[in-house]
Amino acid sequence: MFKSVLVANRGEIACRVFRTAKRMGIRTIAVYSEADAQALHVREADEAVLIGPAAARDSYLDGAKVLAAAKATGAEAIHPGYGFLSENADFAEAVAAAGLIWIGPDPASIRAMGLKDAAKELMIQAGVPVTPGYQGADQSEETLTAEAARIGYPVLIKAVAGGGGKGMKRVDDPADFAAGLASARREAAAAFGDDRVLIERYITRPRHIEVQVFGDRHGDVVHLFERDCSLQRRHQKVIEEAPAPGMSEAVRAAVTGAAIKAAKAVNYVGAGTIEFIADASDGLKADGVWFMEMNTRLQVEHPVTESVTGVDLVEWQFRVAAGEPLPLKQDQIRLNGWAMEARLYAEDPANGFLPSIGRLEHFVMPEGIRVDTGVEQGGEVSQFYDPMIAKLIVHEDTREAAAARLAEAAGEVEVWPVKTNAGFLKRCLDHPRFVAGDVDTGFIAAEEGALQPIDTPEAVLAALTLVAEAAADSEPFVHDRFSPWGGQPGLSYGLRLNGPRQSMVWARMDGEAISGSVAPIETGWRSGEGMSAQVGFDQVQAGDRLFGYQAVEDGFVLFVDGEPRRVAPYRAATGRGGGVVSDGSLRAPMPGKVVAAPAKAGDAVAKGQPVVVLEAMKMEHALTAPFDGVVESVATVGDQVVEAAVLAVVKAAD
């Protein structure tokens, strides 16, 4: 076994690899960009090397700098994590040429599976069922348009070199194909340096099922059962689980058998994932599952497989890379219980899931479960990298118990002021369809209304009021105002909940009654009526519910079901950030780069028509016309812009 390993990655996966390496007595080496100088993975490593500026292309994607760091520190092996250089065959070859151990598959395997069009042709030759589509060399718009018509709409445009939903566009109408193709090509070129695409039939009720495979250099290939990753948003996985719900032994045998066949077709060594798309319109059937692609690396969702099999996949990666045989044979790998993982993203579900950046002033994760993260309280969420900040993983005896525990854990997340999808995750996990296992990749879009934030319950309003009372001696929350209780004497607190659009919260000084609005609503918060409440150091209890809270500038934040509720003196909000203002200005919702301007100055546009496209945190965000009108100005393609910058102005038609 080698004695030292450099992880050519950052954040959560670097910390995850270090954890196993330290348990095995292997010295750990980190690389980092200038933006990550204070990052958790840097401090957790035994040694760390600065390799460049914040932009990934100048640091984490620069293979020469990574190899120089390995040479300078005496690293014996390189683990690429996932993303960045993990599926770069040229880099894998350079690692081997430098006399280092590459912890991953052979470069030939990476190349064979790295391009989706070539991989599909290879799978057809190997007898693995593939999704109907076009993966030809002719990339002209005319040919692709004709092939889409032949396949039949809806179709899915996918980047040949892609992954993670980047460069992937669904098109339902032939009239939208050209625009979808152009956007997919831009994203593909920006993310992978390759704008080629393929086209597949879009399965109307698809499920995403994948099989973890592992091969060694002694000719053995095994599977570690399947995962279901169907709960997705914009082709990005949100919640993963193992095993897949509704999976019969017959279908499992067919899917895992196809996965083994696919891995053997490329002489696969190390950890990999064979991804399948299944037609869920009438349950899982052996003849309704097709090969989609192979990821020649460790997956983000690998912890659920580890949980149900008891296998440390990173340890297996180390052992196989060191030339050892697989630790277990196929018949020794057992499936135990049910595991689920939720990806905690720094994003704002109430604002189109736009990424949220900034300092993590308050960062508390649930206890009693596995949490894989690469950030900590006081750290920064940067605009330069993927917005995933943690993974919440549970393992229980049954699927129902796993879903309930993960929902509970998501509700215990406390993050401020960076926004997260914790509350959204909880609502997904609590949804009756999800609990019943009735999930496909369109679940989130179909249930969008039910997944929106719910009104704050009265018990929460009571807790908010109590937080304000606790600070009344030192914070100017109390003011003279008429009493909402029929002229009874006393003072009341004027507060706002999450901004000016929320109701005011009122409370009597003696605590005899509270209300969620100016109109009096008796809640039963009286001694002996089951609503006694008290304030702790960092928690508030109202009725039978306990909430964490955090003092912030100009008020408090109470954490309710994974989402913050801010309490502050009632006054008009100043307003800031992205979106559309009344004069028709389209403002950047976050820092980024202008990558397209579908409309030009002087163009007439209809409400909802794309005007300018911003690229930020690896994804494109289209800003659309707020009303029918004429474009007065638009930003220049290539401009780097700050948050709230005016990208375009639309003058109303009337």
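The values are calculated or read from the model by the stated rules, or taken from the named source; none is laboratory data. What you are looking at is a predicted structure, and each value in this text was computed from that prediction instead of being measured. Cβ placement follows ideal geometry from the backbone for every residue including glycine, while neighbour counts extend to all protein chains displayed. Only protein heavy atoms, including side chains, enter the accessible area calculation; ligands, DNA and RNA are left aside. Shrake-Rupley method; radii C 1.70, N 1.55, O 1.52, S 1.80 Å.
Could you say whether any residue in the stretch 197-204 is within 21 Å of Val394 (Cβ to Cβ), within 25 Å of the chain's Cα centre (by Cα) and in a strand (DSSP E or B)? Spell out the reasoning first.
Within the stretch 197-204, the subset within 21 Å of Val394 (Cβ to Cβ) is none.
No - not one qualifying residue is present in the stretch 197-204.
Just to be sure, is Thr204 of a type in the set (Val, Ile, Thr) and free of Cβ contacts under 8 Å to residues at least 12 places away in the same chain? Answer is no for this residue.
Any residue that is at pLDDT below 90, open to solvent by less than 30 Å² (accessible area, probe 1.4 Å) and not in a strand (DSSP E or B) - is there at least one of those in the stretch 593-616? No, the stretch 593-616 contains no residue that is at pLDDT below 90, open to solvent by less than 30 Å² (accessible area, probe 1.4 Å) and not in a strand (DSSP E or B).
Give me the residue from the stretch 106-133 that is in a loop (DSSP other than H, G, I, E, B) and over 19 Å from Phe214 (Cβ atoms) and, out of that set, least open to solvent (accessible area, probe 1.4 Å). Give the steps one after another, and end with the answer.
Taking the stretch 106-133 and keeping what is in a loop (DSSP other than H, G, I, E, B), we get 106, 115, 127-129, 131-132.
Keeping just the survivors that are over 19 Å from Phe214 (Cβ atoms) gives 115, 127, 129, 131-132.
Numbers: Leu115: 54, Gly127: 50, Pro129: 58, Thr131: 4, Pro132: 48 Å².
My answer is Thr131.
When the residues of the stretch 168-182 are narrowed to those that are of a type in the set (D, E, K, R) and not in a helix (DSSP H, G or I), which ends up surrounded by the fewest Cβ atoms within 10 Å (Cβ to Cβ)? Walk me through it before giving the result.
Initial filter on the stretch 168-182 (of a type in the set (D, E, K, R)): 169-170, 172-173, 176.
Narrowing further to those that are not in a helix (DSSP H, G or I): 169-170, 172-173.
Numbers: Lys169: 23, Arg170: 16, Asp172: 12, Asp173: 9.
Once the filter is applied, the top-ranked residue is Asp173.
Of the helices (runs of 4 or more DSSP H) lying entirely inside the stretch 9-95, those carrying at least 3 residues that are in contact (Cβ under 8 Å) with a residue 40 or more places away in the chain are 11-23, 63-73. Scanning the stretch 336-365 for residues that are modelled with pLDDT of 95 or more, open to solvent by less than 60 Å² (accessible area, probe 1.4 Å) and not in a strand (DSSP E or B) yields Gly337, Ala346, Met365.
Selection of the stretch 316-373 for residues being more than 29 Å from the chain's Cα centre (by Cα) and on the phi > 0 side of the Ramachandran plot yields only Gly323. Within the option set Ile393, Ile389, being open to solvent by less than 30 Å² (accessible area, probe 1.4 Å), of a type outside the set (D, E, K, R) and either under 30 Å from Glu76 (Cα atoms) or part of a loop (DSSP other than H, G, I, E, B) (or both) holds for one residue only, Ile389.
With respect to (1) open to solvent by 40 Å² or more (accessible area, probe 1.4 Å); (2) within 23 Å of Leu115 (Cα to Cα), the lone exception for Ala72 is condition (2). Each residue in the stretch 220-262 was checked for being open to solvent by less than 10 Å² (accessible area, probe 1.4 Å), in contact with a helix residue (DSSP H, G or I) (Cβ under 9 Å, 6 or more places away or on another chain) and among the small types (Gly, Ala, Ser), and 4 pass.
Among Pro432, Pro489, which is farther than 19 Å from Phe556 by Cα, modelled with pLDDT of 95 or more and not hydrophobic (A, V, I, L, M, F, W, C)? Show your work before the answer.
Details: Pro489 fails: modelled with pLDDT of 95 or more.
Selected residue: Pro432, the only one of Pro432, Pro489 that is farther than 19 Å from Phe556 by Cα, modelled with pLDDT of 95 or more and not hydrophobic (A, V, I, L, M, F, W, C).
In the stretch 248-259, the residues that are closer than 9 Å to Ile274 by Cβ form Cβ pairs under 7 Å with partners that are open to solvent by 40 Å² or more (accessible area, probe 1.4 Å) and not in a helix (DSSP H, G or I), at six or more places apart or across chains, as follows: Ala258/Pro129.
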